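> I'd like to ask some things about the structure below.
Values quoted throughout were computed directly from the atomic coordinates according to the rules given, and no laboratory measurement underlies them. Here the structure is a predicted model, which is why all the values come from computation and not from measurement. Positions of Cβ are generated from backbone atoms using ideal geometry, with glycine treated the same way; all protein chains shown enter the neighbour counts.
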């Protein structure tokens, strides 16, 4: 519908915990299966962490 603005629903605490645990599991899998832990791998983990934790922190802050 044009002209209507709908805000996104806030993340609940269990959703924040689930998202954080899934991110940690993914990082564990990447770090244990990577043949080498070098710059691009670390950069990917840092950027993915920012993409996960900024919305989680905003949801928990409100």
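> Determine which member of the set 46, 30 is free of Cβ contacts under 8 Å to residues at least 60 places away in the same chain and touching a helix residue (DSSP H, G or I) at 6+ places or on another chain (Cβ under 9 Å).
That would be 30, the only listed residue that is free of Cβ contacts under 8 Å to residues at least 60 places away in the same chain and touching a helix residue (DSSP H, G or I) at 6+ places or on another chain (Cβ under 9 Å).
> Only one of these conditions is not met by residue 54: (1) free of Cβ contacts under 8 Å to residues at least 24 places away in the same chain; (2) surrounded by 11 or more Cβ atoms within 10 Å (Cβ to Cβ); (3) assigned to a helix (DSSP H, G or I). Which number is it?
(2)
> Would you pick out the residues in segment 19-50 that are surrounded by 11 or more Cβ atoms within 10 Å (Cβ to Cβ) and within 14 Å of the chain's Cα centre (by Cα)?
19, 20, 22, 23, 24, 26, 27, 44, 45, 48, 49
> Report whether or not residue 60 is in contact (Cβ under 8 Å) with a residue 40 or more places away in the chain and surrounded by 10 or more Cβ atoms within 10 Å (Cβ to Cβ). Write out each step before concluding.
On the way: in contact (Cβ under 8 Å) with a residue 40 or more places away in the chain: yes; surrounded by 10 or more Cβ atoms within 10 Å (Cβ to Cβ): yes.
Here the answer is yes, as residue 60 does meet what is asked.
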